[in-house]
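Student: Pasting in a structure now, in structure tokens, and then I'll have a few things to ask.
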Amino acid sequence: MAFAHLHVHTEYSLLDGSNKIKEYVARVKELGMDSAAITDHGVMYGVIDFYKEAKAAGIHPILGCEVYVAPNSRFDREVTHGEDRYYHLVLLAENNQGYQNLMKIVSKGFVDGYYYRPRVDMEVLNTYHEGIIALSACLAGEVQRYLVRGLYDEAKKVAVRYEACFGKGNFFLELQDHGIAEQKTVNAGLLRMSQETGIELVATNDVHYTYAQDWEAHDILLCIQTGKKLSDENRMRYEGGQYFVKSEEEMRALFPYALKALENTQKIADRCRVEIRFGEPKLPHFDVPEGYDAWTYLNKLCHDGLAVRYPDTYEALQSRLDYELGVIRNMGYVDYFLIVWDFINFARTHGIPVGPGRGSAAGSLVAYTTGITNIDPIRYGLLFERFLNPERVTMPDIDIDFCFEIGRAHV
């Protein structure tokens, strides 16, 4: 049997995790594990550092986040008496689509739902659930909160709702044991719930530091976060010193009654296959009007502009325009030109002064016919190849000047 840590906070869970990525990955490798996850609180700041470090060490990286879920709408800014501000939910990217969706979920939490924490809601989760595996999280998870209060039926309804959101086999009930009495009650409820609903179990350790002896340093970190002293009695603590990177043997000793839940950690790890490619441009997709794709829409803009800019020499210049368009297409920059055209067009049509263009981009007929530049490359004998050619491996560089005062007033 193999085990993988799927609920892990690093130093990027700011003032809450002291588990440094380099130490964490090294410890996982030392323990003989082949996979490990990162699930920082509400953020994905550490994902790239973790991915690179894990790959370099021969460890399979699982990219995730422990998000905060609002009890109702993420737009709510008030909490009624007795209601929780948010619940925890662990999300893991199963594939690249899931990774993209996870980034969207986390961004929505900050842009739309920030209230004490970056919160999402069921609307967001239902919209961006594809490619994501969810775990019910710790005692702060919604299912667990109801179980702690003795509300089993309500907890079961929540679990079924999450399963419906993420799909059969994509939502797991999460067992944890850090020596907390409430967790024994919760785990008993989760075992029963799994039998009644068919939702599978997964056993995790809520990692916040790397080694067992790190608990004191982590306790100091919590004091810094909460503005408390070590001597203060009523303050936030992670009791028991059990929030470290445990071995498979230690996890088996904790869950002898749920060995399949331990096996499921490796099964989930094997399913999570995100591949991040570095050293190549990653351009947004430009949304074009109905009936077009990016390539045909750029052609339309260019040929319409060619007819306006050169009414007398339109046919003579078509070959040069088509040549430039071909280079742009072959180098993968069609969406890039549409994006640049879009924001320059917005500026010109909203009274925001824009410079006529400078640098090598002024040599492009595509740039001139779309209105990106206002310098005639034919009249001045400017070369397109100085701006872009198949031998150039870097992104095209279009220098643009905006009036900051008027621009600031309009945008």
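Values quoted throughout were computed directly from the atomic coordinates according to the rules given, and no laboratory measurement underlies them. Please read these numbers as outputs of a predicted model, since none were measured by experiment. Cβ placement follows ideal geometry from the backbone for every residue including glycine, while neighbour counts extend to all protein chains displayed.
Student: Give the share of C-alpha pairs in each 10 angstrom bin for region 185-287, from 0 to the last occupied bin, in whole percents, shortest bins first.
Tutor: P(r) for region 185-287, in whole percents per bin: 11, 27, 24, 23, 13, 1.
Student: Looking at the chain as a GNM with Cα springs under 10 Å, which of Asn345, Asn264, Asn205 has the largest mean-square fluctuation?
Tutor: Answer for the Gaussian network model of the chain: Asn345.
Student: Turning to a different aspect of this structure: Taking amide H positions as placed 1.01 Å from N in the peptide plane, with prolines and chain starts having none, which residues 5 or more places from Ser35, or on another chain, fall under 5 Å of its amide H?
Tutor: Close amide H contacts, sequence-distant or interchain: His60.
Student: What does the highest-first list of 242-251, 309-318 look like by mean Cβ count within 10 Å? Intermediate results must be reported in sequence, preceding the final value.
Tutor: Details: 242-251: 18.7, 309-318: 12.4.
Top of the packing list down: 242-251, 309-318.
Student: From the phi of every residue in region 205-221, what ³J(HN,Hα) in whole Hz does the Karplus formula 6.51 cos²θ - 1.76 cosθ + 1.60 yield, where θ is phi - 60° and glycine or proline is x?
Tutor: Karplus values, whole Hz, x for Gly and Pro: 10, 7, 6, 10, 8, 7, 10, 4, 6, 7, 5, 5, 4, 5, 4, 5, 4.
Student: Okay, moving on. Test of understanding: in a Gaussian network model of the chain with alpha carbons linked when under 10 Å, which of Asn234, Asn126, Asn101 would top the mean-square fluctuation ranking?
Tutor: Between Asn234, Asn126, Asn101, it is Asn234 that shows the largest mean-square fluctuation.
Student: Modelled label-to-label distance, Arg348 and Glu30, 7 Å Cα→beta-carbon offset: nm?
Tutor: About 6.2 nm separates the two model spin labels.
Student: How large is the dipole of the chain about the Cα centre if only Lys and Arg carry +1 and Asp and Glu carry -1, each at its Cβ, rounded to the nearest 20 debye?
Tutor: 80 debye
Student: A further question follows. Which value, in debye to the nearest 20, gives the size of the charge dipole of region 294-410 about its Cα centre, when Lys and Arg are +1 and Asp and Glu are -1 at the Cβ?
Tutor: 80 debye
Student: Have a look at Asp270, Asp293, Asp112 and tell me which one the Gaussian network model of the chain (Cα, springs below 10 Å) gives the largest fluctuation.
Tutor: Asp293
Student: Given labels modelled 7 Å from the Cα in the Cβ direction, how far is it in nm from Ala140 to Leu15?
Tutor: Simple spin-label model gives 1.3 nm for this pair.
Student: Do the sum for the chain: with -39,500 (n - 2.57) for every DSSP H run of n ≥ 4, divided by all residues, what is the mean residue ellipticity at 222 nm, to the nearest 500 deg cm²/dmol? Intermediate results must be reported in sequence, preceding the final value.
Tutor: Values: 15 runs with 176 residues, N = 411.
Result for the chain, helices only: -13000 deg cm²/dmol.
Student: Scan around Ala137 for amide H atoms under 5 Å from its own, H built in the peptide plane at 1.01 Å from N, and keep only partners 5 or more places away or cross-chain.
Tutor: Answer set, sorted by chain and number: Val90, Glu174.
Student: Under 20 Å from a point 7 Å along the Cα-to-Cβ line of Arg329: which residues of region 374-406 have their amide N that close?
Tutor: The answer is 384-385, 388-392, 396, whose backbone nitrogens lie closer than 20 Å to the label point.
Student: Phe404 versus Tyr257, label points 7 Å from Cα toward the beta carbon: distance in nm?
Tutor: Taking the two extended label points, one gets 6.6 nm.
Student: Applying 1/(1 + (r/R0)^6) with R0 = 35 Å to the Cβ-Cβ distance of Ser247 and Phe278, what FRET efficiency is obtained, to the nearest 0.05?
Tutor: Step by step, r from the Cβ atoms, then E = 0.65.
Student: Moving on. Relative to 2.2 N^0.38 Å, what does the C-alpha radius of gyration of region 294-410 come to as a ratio? Two decimals please. Numbers along the way, then the final one.
Tutor: On the way: Rg = 13.9 Å, N = 117, 2.2 N^0.38 = 13.4 Å.
Dividing the Cα Rg of region 294-410 by 2.2 N^0.38 Å gives 1.04.
Student: Distance check, please: which entries in Lys168/Lys260; Lys168/Lys282; Lys108/Lys260; Lys104/Lys229; Lys29/Lys260 exceed 26 angstrom between their Cα atoms?
Tutor: Listed pairs above 26 Å: Lys168/Lys282; Lys108/Lys260; Lys104/Lys229.
Student: Just the ratio, please: alpha-carbon radius of gyration of the chain over 2.2 N^0.38 Å, N its number of residues.
Tutor: It is 1.25.
Student: For region 85-141, what Kirkwood radius comes out of the mean inverse Cα-Cα distance, in Å?
Tutor: 11.5 Å
Student: Residue by residue through region 90-97, which ³J(HN,Hα) values in whole Hz follow from phi under the Karplus form 6.51 cos²θ - 1.76 cosθ + 1.60 (θ = phi - 60°), with glycine and proline marked x?
Tutor: So the J values, rounded to whole Hz, are 8, 10, 10, 7, 7, 8, 5, 5.
Student: Give the relative contact order (percent, whole number) for the chain; include only Cα pairs under 8 Å separated by 6+ residues. If you can, show how the numbers build up before the last one.
Tutor: Values: 700 pairs, mean separation 54.4, N = 411.
Computed value for the chain: 13 percent relative contact order.
Student: Quick one: grab Rg to one decimal and Dmax as a whole number for region 260-322, Cα atoms only, in Å.
Tutor: In order Rg, Dmax, the Cα atoms of region 260-322 give 23.8, 77 Å.
Student: Let me ask something additional. For His178 and Ser73, what does the FRET efficiency come to when R0 = 41 Å and r is the distance between their Cβ atoms, rounded to the nearest 0.05?
Tutor: Result of the calculation: an efficiency of 0.80.
Student: Give me the percent of DSSP beta bridges within the chain that run antiparallel, rounded to the nearest 5.
Tutor: Approximately 45 percent, going by the DSSP bridge assignments.
Student: Which FRET efficiency value, to the nearest 0.05, is calculated for Gln195 and Thr296 with the Förster distance at 60 angstrom and r the Cβ-Cβ distance?
Tutor: According to the calculation, E is roughly 0.60.
Student: Order of His303, His129, His7 from fewest to most other C-beta atoms within 10 Å?
Tutor: Details: His303 16, His129 21, His7 24.
Ranking His303, His129, His7 by Cβ neighbours within 10 Å, fewest first, gives His303, His129, His7.
Student: Something else now. Run a plain Debye calculation on region 163-212 (Cα atoms as equal point scatterers, no solvent) and give log10 I(q)/I(0) at q = 0.16, 0.29, 0.32 Å⁻¹, rounded to two decimals, same order as the q list.
Tutor: The Cα Debye sum returns log10 ratios of -0.53, -1.09, -1.19.
Student: Now for a separate question. Which ordering of Thr369, Thr394 is given by a fewest-first count of other beta-carbon atoms within 10 Å?
Tutor: Neighbour counts put them in this order, fewest first: Thr394, Thr369.
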